[in-house]
Amino acid sequence: MHLTARLIAGLFFGSIAIPAHAQTVAHAAVGDTAAVRTLVGRLDLERYKATIKGLTQFGDRRQGTDRNRAAVDWIEAQLKSYGCTNTARITYDYQPPTPQGGGAGGQRPRNPTTVGAGGSRLRGNIVRRGVNNDSLAQPDARLRALNAQPSVPGQRQQVYCTKVGTTRPDEMYIVGGHMDGIGWGEAANDDGSGTAIVMELARIFSSPDVQTERSIRFVLWNNEETGLNGARAYIAQRQALQGQEQPAGSRQYPEPRWLGMIQHDMMMFDHGMPRADGTMNPEQRPEADVNIEFQGNSKMATGSQQLAWFFATANELFATDYPAAVGQHMTNTDSAPFQDIVPAISLRENERGAQIGAGWSPHWHRPTDLYSTYGDNDFRLGLNAAQTTLGAIGQLAGATLRR
Ligand SMILES: [Zn+2]
């Protein structure tokens, strides 16, 4: 019964009134397709890999540690070096929730294992995967030492930079990934792979010969792994500032009006469903895809769905190797706090609920989430996601090249 109710809730989402601006996605494509194609061609597999490698020098980048703060500093320095010079930071406080007491006696029995996160339904072979919190599970002594400092509650920061639009500087798309990780590895896939996409796009859009009509903000969220706290802090501090011109008459908008939020989280590993014995295909499956998800049970479902299909079409136009698939169960990522405010989607290697939730990503939050774990066919899936987002945002923001 419970399952049926959830499925029905996930299937019907068309009856909610949507503000007019949320309907503009399909009409906003004004970019020069040839120019966008040139920009997509500036993405490079070796360069993408090098950015992921750079992030892994800070280990698992767990929030509330020196290695996390050093990673924020490094990301900011990279953004500036790309020409995305107007970097800024959001400062907030993070206090972890006090652990809940109580034993299993008060818990309801779990439904059959086919109920997944976000309204999804699990199919086939299901493997439960947990978070590694054991330092000794990391066999590499260097990484054990690098990841040894524990998280301390208190002040946090996250960095962003902005490509300012020429004719519509008061409107922007938000392109995000989370730079923090967990698990005593290098957080190479979760979420070095998504962070590197955001950084590579910041680099390409910041090239002096590129201009866009609308603004684009590149945000590297912190505290995703503790409950999307960085994204929530951003919304709490900046939602009310949207569209304000400061100072009046300056044509400067510290917080342009949000047109959409696009998150990138775990972008590389699509080796398929676990086998019946729980092992995985060691190779990327040739039919790997980029999963574009929106949340059907959200206020902005109509606009988010339009945005998702726009990205799927951009994938067909611009991605070199792997196709995209659209799903309606976006969950557990930094676009979720935005989903009732603006059109919001996420890009992933697998669907978060039905696939990652069923064990399709064996290195997720594990000591094996290392740069050296992945091969070029894995990295190339991330690059195809970058091509997809660059192609879509290039059109939506109205990118052109100066001659
Ligand atoms: Zn993640």
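Do you know which residues across the stretch 218-227 are open to solvent by 10 Å² or more (accessible area, probe 1.4 Å) and either away from the ligand (no atom under 16 Å from the Cβ) or out of contact with any Phe, Trp or Tyr (no Cβ under 8 Å at 6 or more places or on another chain) (or both)?
The first filter runs over the stretch 218-227 and keeps only residues open to solvent by 10 Å² or more (accessible area, probe 1.4 Å), leaving 224-227.
If the condition is that a residue be open to solvent by 10 Å² or more (accessible area, probe 1.4 Å) and either away from the ligand (no atom under 16 Å from the Cβ) or out of contact with any Phe, Trp or Tyr (no Cβ under 8 Å at 6 or more places or on another chain) (or both), then Glu224, Glu225, Gly227 are the ones that fit.
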(message) at pLDDT 95 or above, part of a loop (DSSP other than H, G, I, E, B) and hydroxyl-bearing (Ser, Thr, Tyr): is that true of Tyr234 in this structure?
(response) no
(message) Please go through (1) surrounded by fewer than 24 Cβ atoms within 10 Å (Cβ to Cβ); (2) over 30 Å from Ser135 (Cα atoms) for Tyr371 and return the number of the only condition it doesn't satisfy.
(response) (2)
(request) Could you give me the residue pairs with C-beta distances under 9 Å whose first residue belongs to the stretch 326-348 and is farther than 18 Å from Gly227 by Cα and within 16 Å of the ligand (Cβ to nearest atom), whose second residue is in a strand (DSSP E or B) and open to solvent by 10 Å² or more (accessible area, probe 1.4 Å) wherever it lies, and which are 6+ apart or on separate chains? (result) Leu347/Ala324
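This table checks each residue for (1) under 19 Å from Asp369 (Cα atoms); (2) in contact with a Leu (Cβ under 6 Å, 6 or more places away or on another chain); (3) modelled with pLDDT under 95; (4) not in a helix (DSSP H, G or I).
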{"position": "Ile18", "(1), (2), (3), (4)": "no, no, yes, yes"}
{"position": "Val30", "(1), (2), (3), (4)": "no, no, yes, yes"}
{"position": "Arg47", "(1), (2), (3), (4)": "no, no, no, no"}
{"position": "Ala50", "(1), (2), (3), (4)": "yes, no, no, no"}
{"position": "Gly54", "(1), (2), (3), (4)": "yes, no, no, no"}
{"position": "Asp60", "(1), (2), (3), (4)": "yes, no, no, yes"}
{"position": "Arg69", "(1), (2), (3), (4)": "no, no, no, no"}
(request) Examine the stretch 80-95 for a residue that is in a helix (DSSP H, G or I) and either open to solvent by 40 Å² or more (accessible area, probe 1.4 Å) or closer than 17 Å to Gly177 by Cα (or both), and state whether such a residue exists. (result) yes
(message) Between Leu317, Leu381, which is farther than 30 Å from Gln242 by Cα and either open to solvent by 30 Å² or more (accessible area, probe 1.4 Å) or at pLDDT below 95 (or both)?
(response) Leu317
(request) Name every residue in the stretch 144-186 that is more than 30 Å from Leu401 (Cα to Cα) and in a strand (DSSP E or B), in order of residue number. (result) Gly154, Gln155, Arg156, Gln157, Gln158
(request) Just give me the residues in the stretch 320-339 being under 17 Å from the mean Cα position of the chain (by Cα) and open to solvent by 10 Å² or more (accessible area, probe 1.4 Å), in sequence order. (result) Ala324, Ala325, Val326, Gln328, His329, Thr331, Asn332, Ala336, Pro337, Gln339
(request) Please enumerate the residues belonging to the stretch 253-291 that are away from the ligand (no atom under 16 Å from the Cβ) and closer than 30 Å to Val164 by Cα. (result) Tyr253, Pro254, Glu255, Pro256, Arg257, Trp258, Leu259, Gly260
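Applying the selection to the stretch 187-197, what residues are assigned to a loop (DSSP other than H, G, I, E, B) and either away from the ligand (no atom under 16 Å from the Cβ) or among the β-branched types (Val, Ile, Thr) (or both)?
Of all residues in the stretch 187-197, those assigned to a loop (DSSP other than H, G, I, E, B) come to 187.
Listed by number, the list is empty, since nothing qualifies.
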(message) Tell me the residue from Glu200, Glu245 that is more than 12 Å from the ligand (Cβ to nearest atom) and either touching a Leu at 6+ places or on another chain (Cβ under 8 Å) or outside any loop (DSSP other than H, G, I, E, B) (or both), please.
(response) Glu200
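Just checking, how many residues over the stretch 137-180 are small (Gly, Ala, Ser), crowded, with 19+ Cβ neighbours inside 10 Å and out of contact with any Leu (no Cβ under 9 Å at 6 or more places or on another chain)? Reasoning before the result, please.
Step one: filter the stretch 137-180 for residues small (Gly, Ala, Ser), giving 137, 141, 145, 148, 151, 154, 165, 176-177.
From the residues that got through so far, the ones that are crowded, with 19+ Cβ neighbours inside 10 Å too are 165, 176-177.
Then keep just the ones that are out of contact with any Leu (no Cβ under 9 Å at 6 or more places or on another chain); that gives 165.
Within the stretch 137-180, residues that are small (Gly, Ala, Ser), crowded, with 19+ Cβ neighbours inside 10 Å and out of contact with any Leu (no Cβ under 9 Å at 6 or more places or on another chain) number 1.
The values are calculated or read from the model by the stated rules, or taken from the named source; none is laboratory data. Quick caveat, the model's predicted, so the values are computed rather than measured. Quick reminder, even Gly has a Cβ in these numbers, built from the backbone with ideal geometry, and neighbours come from all protein chains shown. When the accessible area is computed, the model is the full protein with side chains, heavy atoms only, and any ligands, DNA or RNA have been set aside. Shrake-Rupley method; radii C 1.70, N 1.55, O 1.52, S 1.80 Å.
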